[in-house]
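The values are calculated or read from the model by the stated rules, or taken from the named source; none is laboratory data. If you're wondering where the values come from, they're calculated on a predicted model, not measured in any experiment. Quick reminder, even Gly has a Cβ in these numbers, built from the backbone with ideal geometry, and neighbours come from all protein chains shown.
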Amino acid sequence: MTLTLKDAQGNELKKVIVPVTVSKPEFDDYYTANQYAGWNEGVLSSVIDNSGNTPAFTMPTNLYTINKKADGTGMTDAQPGYTYTYKKADASEVKNVDAIIFTDVVKDGFLKTTDYKVKANKEVVTVNALTGASNAAADNTISVSKEFTMKLAPAFNKAKLVYYTNGVAGTVAAVNADGIIAALTGDGTANKPKNGLALQYGDEEIAVSTTAIPTSASNDHKLGGYEVTTGSAATGAVVVGFAKSAESAGTGVNLETGDTGVKIAGLNAGQGGELVVTFTDYAGIKTQATIEYKK
């Protein structure tokens, strides 16, 4: 900046050159990552919204907290906007789009693309024309932005199978003489230890039986907030299906009626394999949980 001093007649008396540094604001000047929004070492973990009949994704509304000025007001008035870059199921790349198109990333019912590059962006400063007055033709905006990685998963991906023996959780389910993997019984108290096969989702668990997972979806039969059924997903439930891996011994898998459990047909003593449970949400996206079994 140059400061020139002149007298009344316009004669230059003195000129002073003052160096001035103007720096562009940074994203971190305006926003701080919300520690409760699913961040882990700079990577965001989030899930697909299955509240409709088609898969969709909405960025969490509390992803960032807005930094405060000295007077306590916010540095800006809103959360940033987001664009996404990702690989499609056919390995081609989609760059800087406003939404994730799930037909691009789901193949044969399974989510094939789980990692996404996300750019957060927000216009924060308007630079007016040299007159100091707003002039739409001359004004420019300054934006702050930040890129991060997001790992996206189906909503039911946290479900897993656990087999209890006298209250101890294990990773191999015992098959009895009738070919049955017994369903969970007991509540974990001293007089009622847990035994049998359970389906877990976070801190919740239910028995692997048609009593707990009925053929018709019901609000009385939920796991992790989702209705579970062996029937149809049309009601908005998660459909639970049972099978075994291709290499496993046995001729078939069936969830028996009532509280019996899962039957592995055609299994001889000493044989075993892997039970595969497939969860299909009402967006049509599948996830799986597995557990070994042995007779």
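Observations on the model:
- Any hit, the stretch 162-177, residues being within 24 Å of the chain's Cα centre (by Cα) and crowded, with 18+ Cβ neighbours inside 10 Å: yes
- Between Ser209, Ser218, the distinction of being among the hydroxyl-bearing types (Ser, Thr, Tyr), buried (at least 20 other Cβ atoms within 10 Å of the Cβ) and either free of Cβ contacts under 8 Å to residues at least 12 places away in the same chain or in the same structural domain as Pro193 (by TED's automatic domain parsing) (or both) belongs to Ser209 only.
- Annotation note: of Ser232, Ser218, the sole residue that is polar (S, T, N, Q) and under 27 Å from Lys107 (Cβ atoms) is Ser232.
Each row is one residue, and each column tells you yes or no for (1) touching a Ser or Thr at 6+ places or on another chain (Cβ under 9 Å); (2) at pLDDT below 90; (3) closer than 30 Å to Tyr282 by Cβ; (4) assigned by TED's automatic domain parsing to the domain that holds Val118.
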| site | (1), (2), (3), (4) |
| --- | --- |
| Gly38 | yes, no, yes, yes |
| Gly52 | no, yes, yes, yes |
| Asp71 | no, no, no, yes |
| Met75 | no, no, no, yes |
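- The test for being within 55 Å of the chain's Cα centre (by Cα) and modelled with pLDDT under 90 does not hold for Thr32.
- Some residue of the stretch 189-202 being farther than 17 Å from Lys294 by Cα, hydroxyl-bearing (Ser, Thr, Tyr) and out of contact with any strand residue (DSSP E or B) (no Cβ under 8 Å at 6 or more places or on another chain): yes
- Subset of the stretch 186-206 that is outside any loop (DSSP other than H, G, I, E, B) and without any contact (Cβ under 8 Å) to a residue 24 or more places away in the chain - its residue that is surrounded by the most Cβ atoms within 10 Å (Cβ to Cβ): Ile206
- All of Val253, Val239 fail the test of being under 22 Å from Leu111 (Cα atoms) and of a type in the set (Val, Ile, Thr), apart from Val239.
- Selected residue (only one of Phe27, Phe57 is in contact with a Ser or Thr (Cβ under 9 Å, 6 or more places away or on another chain), touching a residue at least 40 places away in the same chain (Cβ under 8 Å) and within 28 Å of Gly236 (Cα to Cα)): Phe57
- Within the stretch 249-272, if we keep just the residues that are loosely packed, with under 15 Cβ neighbours inside 10 Å and hydroxyl-bearing (Ser, Thr, Tyr), the residue that is nearest to Ala198 (Cα to Cα) turns out to be Thr257.
- Total residues in the stretch 221-248, condition among the hydrophobic types (A, V, I, L, M, F, W, C), in a strand (DSSP E or B) and surrounded by 18 or more Cβ atoms within 10 Å (Cβ to Cβ): 6
- Residues that are modelled with pLDDT of 95 or more, in a loop (DSSP other than H, G, I, E, B) and not charged (D, E, K, R) are absent from the stretch 140-150 altogether.
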